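I have placed the structure first, in the form of structure tokens, so that the comments after it can refer back to it.
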């Protein structure tokens with residue numbers, strides 16, 4: 001099996017999860033190519049576990065006072081670069097694309113009809129999933 005795994009790299013939480021996944025994929029003998037976006041390539045560290053990973057600008061949200069600042073997000077975004085990267089990333093050679101809240105691999109997979117699986121609690125807001133009620 002060959003997987004393309006996209007990771008939102010603006011913080012270290014998604015990268016930490018990807019490190020654990022990389023180790024497990026290696027033990028299982030799964031071939032994985034990693035893509036990171038959200039920060040400059042020079043700002044990543046301790047990345048040996050990901051092999052020859054690729055880095056894109058991606059799309060990052062700007063928050064102020066705990067809320068999304070849509071205007072600042074749009075001002076910071078490089079939409080033309082984002083759309084170009086989505087168009088140029090080839091997902092057809094992969095059995096599965098995994099996105100850990102990384103938009104480029106997800107949209108590229110959707111455009112090319114490659115199966116895509118998303119990791120992240122954000123997806124729970126779009127689906128009716130079981131929720132904790134405090135009752136047993």
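In the stretch 23-41, which residues are in a helix (DSSP H, G or I) and either in contact with a strand residue (DSSP E or B) (Cβ under 7 Å, 6 or more places away or on another chain) or modelled with pLDDT under 90 (or both)?
Just the residues of the stretch 23-41 that are in a helix (DSSP H, G or I), to begin with: 23-28, 41.
Result: 25, 41.
Determine, yes or no, whether residue 5 is within 14 Å of the chain's Cα centre (by Cα) and either closer than 20 Å to residue 99 by Cα or modelled with pLDDT of 85 or more (or both). Steps first, please.
Details: within 14 Å of the chain's Cα centre (by Cα): yes; either closer than 20 Å to residue 99 by Cα or modelled with pLDDT of 85 or more (or both): yes.
It is true that residue 5 is within 14 Å of the chain's Cα centre (by Cα) and either closer than 20 Å to residue 99 by Cα or modelled with pLDDT of 85 or more (or both).
Residues in the stretch 100-107: is at least one under 25 Å from residue 11 (Cβ atoms), without any contact (Cβ under 8 Å) to a residue 60 or more places away in the chain and either in a helix (DSSP H, G or I) or touching a strand residue (DSSP E or B) at 6+ places or on another chain (Cβ under 9 Å) (or both)? Spell out the reasoning first.
At the first step, the residues of the stretch 100-107 found to be under 25 Å from residue 11 (Cβ atoms) are 100-107.
Remaining after also requiring without any contact (Cβ under 8 Å) to a residue 60 or more places away in the chain: 107.
From the residues that got through so far, the ones that are either in a helix (DSSP H, G or I) or touching a strand residue (DSSP E or B) at 6+ places or on another chain (Cβ under 9 Å) (or both) too are 107.
Checking the stretch 100-107: at least one residue is under 25 Å from residue 11 (Cβ atoms), without any contact (Cβ under 8 Å) to a residue 60 or more places away in the chain and either in a helix (DSSP H, G or I) or touching a strand residue (DSSP E or B) at 6+ places or on another chain (Cβ under 9 Å) (or both).
For the stretch 115-135, state whether one or more residues are modelled with pLDDT of 90 or more and assigned to a loop (DSSP other than H, G, I, E, B).
Yes, the stretch 115-135 contains a residue that is modelled with pLDDT of 90 or more and assigned to a loop (DSSP other than H, G, I, E, B).
So which of 87, 54, 19 ends up being touching a helix residue (DSSP H, G or I) at 6+ places or on another chain (Cβ under 8 Å), modelled with pLDDT of 95 or more, under 27 Å from residue 2 (Cβ atoms) and surrounded by 10 or more Cβ atoms within 10 Å (Cβ to Cβ)?
On the way: 54 fails: touching a helix residue (DSSP H, G or I) at 6+ places or on another chain (Cβ under 8 Å); 19 fails: modelled with pLDDT of 95 or more.
Among 87, 54, 19, only 87 is touching a helix residue (DSSP H, G or I) at 6+ places or on another chain (Cβ under 8 Å), modelled with pLDDT of 95 or more, under 27 Å from residue 2 (Cβ atoms) and surrounded by 10 or more Cβ atoms within 10 Å (Cβ to Cβ).
Which of the following residues is free of Cβ contacts under 8 Å to residues at least 60 places away in the same chain, in a loop (DSSP other than H, G, I, E, B), touching a helix residue (DSSP H, G or I) at 6+ places or on another chain (Cβ under 8 Å) and closer than 19 Å to residue 3 by Cβ: 92, 111? Walk me through it before giving the result.
Values: 111 fails: in a loop (DSSP other than H, G, I, E, B).
Matching residue, one of 92, 111: 92.
Would you check which residues across the stretch 1-16 are surrounded by fewer than 17 Cβ atoms within 10 Å (Cβ to Cβ) and touching a strand residue (DSSP E or B) at 6+ places or on another chain (Cβ under 6 Å) and list them? Walk me through it before giving the result.
Taking the stretch 1-16 as the starting set, the residues that turn out to be surrounded by fewer than 17 Cβ atoms within 10 Å (Cβ to Cβ) are 1-2, 11-13, 16.
Within the stretch 1-16, just 2 meets the criteria.
The values are calculated or read from the model by the stated rules, or taken from the named source; none is laboratory data. Note that this is a predicted model, so its numbers are computed, not measured. Because the Cβ atoms are built from the backbone with ideal geometry, glycine has one as well, and the counts that use them run over all protein chains shown.
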